[in-house]
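Trainee: Quick one: this structure, given as C-alpha cells, is what I'll be asking you about.
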Amino acid sequence: MTIARPIRKAVFPVAGLGTRFLPATKAVPKEMLTVVDRPVIQHVVDEARAAGIEHFIFVTGRNKAVIEDHFDSQFELERTLAERGKQKELAHLMSELPAAGQTSFTRQQAPLGLGHAVWCARDIVGNEPFALLLPDMLHHAPKPCMTEMIEAYAEHGGNHIAVAPVPDDQAHQYGIVGVTDAQAKISRVTGMVEKPKPGTAPSNLHITGRYILQPEIFELLARGQRGAGGEIQITDSMIELQKTQPFHAVRFDGTIYDCGSKIGFLMANVAYALARDDIGPELRAGLKGLI
Ligand code: UTP
C-alpha cells in the first residue's frame, strides 16, 4: 500500500470581485466582512489550521492588501495593548498569528475564474497534494470539514471533494457529483458536472468548496480552458483529472453558510453568535423581540 503524501499547504482564492456585496465590497474585500467578530477568511483559516495545515497560500487581487495585513503582526497595536495591560487581548491576538514563513501571497491579476486563481498558486504549492478552501463557504460542525477530509485522504489517497445534499430543484445552481453510494460518508466519485440542466443531475450532492487535490491539476488548469460563464472553472479540470486519478466524495453533515450571498452571510452571523456563551443569550432575547 502506498502511503499518501501529507497535506501541508492550503490555497485560499480571495481575488473575486464580490459584486453581490456592493457597495460594502467597493474598498473592503468581502473576505474581510465579519461573522460576529472574526473576518470570514479568518474562520476558514482556523478550519485549515485545526486540520494540521502548515502553510497558508492566499491568491489575492486588487484592493485585497488588507488581507495580508490581517495575517501579519501589527506592532503599534500590540505595543499599545501591552502598555494598557490588556494581556488577554494581546495573548489572543498573538496566539492566532501565523509564524514567520507560514503564509504566502500571490496575485491573480484579473478575475478569470476560480480555476485560474488556483493555477496562480502552482509555484508556491509545488509538486505536492494540497487543500483548497473557498473562503465564502463556512462549514459549521463539531468536527471541522477539512479535518474529516484529511482523515479520509490518509485512508484512501487520491483527490477528495466535500459534498452535501441540496434539494433536487436547486441542483442546477451547483457543481454536482455522481457517486457510488450517495448515503455513505466516503464514496467514489463517478462523475462531475458544473450546473447541470434541470432534471439531468447525477445525484443531489453538491460540491461545497473544500477539496484535496493532487498537483497534476495544475497541468490541466494551465490549458486555460473557459467553461461555464466564460470563466476558467476548477470543475472542468477535475473532470479531466478524474480520467486518470481517483476522486472521493466526503459527505459533510454540518451546516454550510454561503457568505458570498447576503442571506447566507446574515444567517452565519446569527448562527455563530447564537452558539456563543458570551452573546448568544442576549441575541436570542433580542431576536425574539424583533420577530
Ligand atoms: P465567487 O463565484 O463567489 O465570485 O467566487 P466573487 O467575484 O468573489 O463574488 P460575486 O459573485 O461577484 O459576488 C468564489 C471564490 O473564488 C474566488 C473568490 O474570491 C471567492 O472566494 N475567486 C473567484 C477568485 O479568487 N478569482 C476569480 O477569478 C473568481
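Trainee: Here are some conditions: (1) crowded, with 19+ Cβ neighbours inside 10 Å; (2) at pLDDT 95 or above; (3) touching a strand residue (DSSP E or B) at 6+ places or on another chain (Cβ under 9 Å). Arg8 meets all but one. Which one does it not meet?
Mentor: Looking at each condition in turn, Arg8 falls short on (1).
Trainee: Another one. How many residues, within region 51-89, are without any contact (Cβ under 8 Å) to a residue 24 or more places away in the chain, of a type in the set (A, V, I, L, M, F, W, C) and either under 30 Å from Ala131 (Cα atoms) or exposed (fewer than 15 other Cβ atoms within 10 Å of the Cβ) (or both)?
Mentor: Qualifying residue count, region 51-89: 4.
Trainee: Which of the numbered conditions does Thr147 fail, given that it passes all the others? Conditions: (1) within 16 Å of the ligand (Cβ to nearest atom); (2) under 23 Å from Ala275 (Cβ atoms); (3) at pLDDT 95 or above; (4) not aliphatic (A, V, I, L, M).
Mentor: Status for Thr147: all satisfied but (1).
Trainee: Further, regarding this structure: Hey, does region 116-128 have a residue that's more than 13 Å from the chain's Cα centre (by Cα), away from the ligand (no atom under 16 Å from the Cβ) and without any contact (Cβ under 8 Å) to a residue 24 or more places away in the chain?
Mentor: Yes - at least one qualifying residue is present in region 116-128.
Trainee: List the strands (runs of 3 or more DSSP E) that sit entirely inside region 178-269 and contain at least 2 residues that are at pLDDT below 95.
Mentor: Hits in region 178-269: 186-194.
Trainee: Checking the structure you have, find out if any residue of region 108-131 is at pLDDT 95 or above, within 23 Å of Asp236 (Cβ to Cβ), touching a Cys at 6+ places or on another chain (Cβ under 8 Å) and crowded, with 24+ Cβ neighbours inside 10 Å.
Mentor: Checked region 108-131: no residue is at pLDDT 95 or above, within 23 Å of Asp236 (Cβ to Cβ), touching a Cys at 6+ places or on another chain (Cβ under 8 Å) and crowded, with 24+ Cβ neighbours inside 10 Å.
Trainee: Just give me the residues in region 270-291 being exposed (fewer than 15 other Cβ atoms within 10 Å of the Cβ) and assigned to a loop (DSSP other than H, G, I, E, B), in sequence order.
Mentor: Within region 270-291, Ala275, Arg276, Asp277, Asp278, Ile291 qualify.
Trainee: Working only within region 196-234, note down all residues that are more than 17 Å from Pro165 (Cβ to Cβ) and within 14 Å of the ligand (Cβ to nearest atom).
Mentor: Across region 196-234, the qualifying residues are Tyr211, Leu221, Gly224, Arg226, Gly227, Ala228, Gly229, Gly230, Glu231, Ile232, Gln233, Ile234.
The values are calculated or read from the model by the stated rules, or taken from the named source; none is laboratory data. The structure displayed is predicted, hence computed values, not measured ones. Neighbour counts are summed over all protein chains in view; Cβ atoms, including those assigned to glycine, are modelled from backbone coordinates with ideal geometry.
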